[in-house]
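Contents: one structure, followed by commentary.
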Amino acid sequence: MELFFTKCKQHHLKITPQRIAVYKALKDAVNHPSADAVHKKIKNEFPNISLDTVNRTLLTFSEINIIAIVEGQGDPRRFDPNLDSHHHFYCLSCNEIFDVYDEALNAIKIPETIENKFTITGKRLCLQGFCNKCNCREKGKRIA
Ligand SMILES: [Zn+2]
Ligand SMILES: [Zn+2]
């Protein structure tokens, strides 16, 4: 929460209970929720907050760099409260996005042809497939 308060003050963003709730809901989520998922989570506590407001709040948060937008997942946009350098695993079945930390992935060397073409300043891999939960379900179906 520390980062949230510091950055909001820095950018003259008013700290409202709604903004705190949006940030907390994202921070507590582990699988990179969409605005819709965040909205569903806080709707009980804040019945008057619209999906549009939640969406705009999340975009504002990403502009002041307290959260990130998950690249390349298209629609609906997914948000990431984790600003550490890490990789992603995307489940094609349940659409959840998991954080992946792995030294071997960090160490993957960028091919020279690419390095000659671009100046690389960061590297995030996005793996995809089926998470364990979905894998089991798929296997169960096959047996049945
Ligand atoms: Zn899954
Ligand atoms: Zn992440």
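The values are calculated or read from the model by the stated rules, or taken from the named source; none is laboratory data. All of these numbers come straight from a predicted model, not from anything done at the bench. Note: ideal-geometry Cβ built from the backbone for every residue, glycine included; neighbour counts use all protein chains shown.
Please work out if T6 is more than 25 Å from C134 (Cβ to Cβ) and loosely packed, with under 14 Cβ neighbours inside 10 Å.
Spelling it out, T6 is indeed more than 25 Å from C134 (Cβ to Cβ) and loosely packed, with under 14 Cβ neighbours inside 10 Å.
Got a sec? Which of G122, G72 is of a type outside the set (D, E, K, R) and within 13 Å of ligand 2 (Cβ to nearest atom)?
G72
Run F5 past the list (1) aromatic (F, W, Y); (2) over 28 Å from T119 (Cα atoms); (3) touching a strand residue (DSSP E or B) at 6+ places or on another chain (Cβ under 9 Å) and report the number of the one that doesn't hold.
So the condition that F5 fails would be (3).
Please verify whether region 68-84 includes one or more residues that are outside any loop (DSSP other than H, G, I, E, B), outside the structural domain of N31 (by TED's automatic domain parsing), without any contact (Cβ under 8 Å) to a residue 12 or more places away in the chain and not β-branched (V, I, T).
The answer is no; no qualifying residue exists.
Step by step: first the residues of region 30-46, then only those that are of a type in the set (A, V, I, L, M, F, W, C) and under 16 Å from P81 (Cβ atoms), then the one that is modelled with the lowest pLDDT. Which residue is that?
Ranking the qualifying residues of region 30-46, first place goes to V30.
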